[in-house]
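Below you'll find the structure, written out as structure tokens, and then a few comments.
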């Protein structure tokens, strides 16, 4: 085989699915060299569809102390129904903490071992090509309190009550103040707009509303506006502790416990997934958790939600597994994901990782 021209070998292996290419890379030094060359990576990045994986974020307590075990990214492959692990030992940072992903790249907070202070940098990397780049330095408060939103290498936002927007080529963060009424919950980036839930109620009773801002107008207006319609009625009142998840295309998912009544401490009958079409501004029901599955979440005071598009994951304390809403096959399927790695409290956080062999420019 090594007598064949390299271009011929590249064409042969570029016809394989990405999962098989990753397996072949581990067979020998010859295959690893062949399938990690810049020319092959460029070829397959334009031909091979990505692997749609669900990645776990490390527990919060791992974010603030040195972890002796080798750093890695734990991911679940829903199509192959197995857990995978990508080593992050190529990163020269202590306790790398992955928080977001876009177009095959993972964004993480990393603490430089040479830094005299415990300051963290935002790093973009591709675990498959083992390449990384450090984004311009931010203050430590951003890593502790900021939500990282990404939709490409050239658009990265870190959002708190303040926000910072990074543009490729300028090598700096554009900072601006926001006029949100409260701390944004589960903000998401959809094309040129950011959406977040904010509590506009009283200290005694929460009242959630949907806010959005347009990135292209931030330099001039720097304002968030409330997104609402009279026809929506009590759509925000029927859900307990709602969260946002990005849907497919120009759609937003809102997930929360379905209240059994409008009383202050109403119990929930299940977990509901609502879908908002941003073009028509109409809501519809995307799914609701089966009663048998919801019984496991009933005892938990809170649960975590992460995902994107047609897959949403749910976790809660003491359950030891994840619940998955999967609509990728065209029909709604609810199933359990067992074998969750780690020894945390079961309250998993995460993000969708579309694994690609894409070179970092």
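What follows draws every value from the coordinates through simple rules; no lab data is involved. Quantities reported herein were computed from a predicted structural model and do not represent experimental measurements. Don't worry about glycine lacking a Cβ; one is built from the backbone with ideal geometry, like all the others, and counts go over all protein chains shown.
What to note about this one:
- For segment 123-251, the fraction of C-alpha pairs more than 24 angstrom apart is 34%.
- Where N is the number of residues in segment 1-48, Cα Rg divided by 2.2 N^0.38 Å: 1.01
- Its DSSP H runs of at least 4 residues, each contributing -39,500 (n - 2.57), put the calculated 222 nm mean residue ellipticity of the chain at -3500 deg cm²/dmol, to the nearest 500.
- A straight chain from residue 103 to residue 292 at 0.36 nm per residue would run longer than the Cα-Cα distance by 64.5 nm.
- The equivalent ellipsoid of segment 306-346 has semi-axes of 22, 9, 8 Å, largest first, where each one is the square root of 5 times an eigenvalue of the Cα gyration tensor.
- Projecting label points 7 angstrom from Cα along Cα→Cβ for residue 300 and residue 241 puts them 0.8 nm apart.
- Cα pair distances exceeding 11 angstrom across segment 225-266, given as percent: 71
- Between residue 131 and residue 263, the FRET efficiency from the beta-carbon distance, with R0 = 56 Å, is close to 0.55.
- Length gained on full extension, residue 141 to residue 47, computed as 0.36 nm times the residue gap minus the Cα-Cα distance: 29.8 nm.
- Of the peptides 33-39, 72-78, the ranking by mean beta-carbon count within 10 Å, highest at the top, reads 72-78, 33-39.
- From least to most packed, judged by other beta carbons within 10 angstrom and beginning with the fewest, 271, 23, 215 follow the order 23, 215, 271.
- Pairwise FRET efficiency - residue 328 versus residue 6, Cβ, R0 = 56 Å, nearest 0.05: 0.95
- Rounded Å value of the spacing that divides the Cα centres of segment 66-99 and segment 291-345: 20
- Space enclosed by the convex hull of the alpha-carbon atoms of segment 50-355, per residue, Å³: 145
- Residues 193, 315 in ascending order of nearby Cβ atoms (within 10 Å, fewest first): 193, 315.
- Arranged from fewest to most other beta-carbon atoms within 10 Å of their beta carbon, 288, 133 become 133, 288.
- The simple spin-label model puts a point 7 Å past each Cα toward its Cβ; for residue 39 and residue 248 those points are separated by 3.8 nm.
- Rg/Rh ratio calculated on Cα atoms of segment 76-148 (Kirkwood radius): 1.01
- Debye intensity ratio I(q)/I(0), log10, segment 222-361, q values 0.19 Å⁻¹ (C-alpha model): -1.21
- Between residue 336 and residue 214, the distance separating the two model label sites (each 7 Å from Cα on the Cα→Cβ line) works out to 4.8 nm.
- Per-pair calculated FRET efficiency, R0 = 51 Å: residue 228 and residue 26 via Cβ, rounded to 0.05: 0.45
- In plain terms, the chain from residue 285 to residue 16 could stretch by 93.1 nm, reckoned as 0.36 nm per residue minus the Cα-Cα distance.
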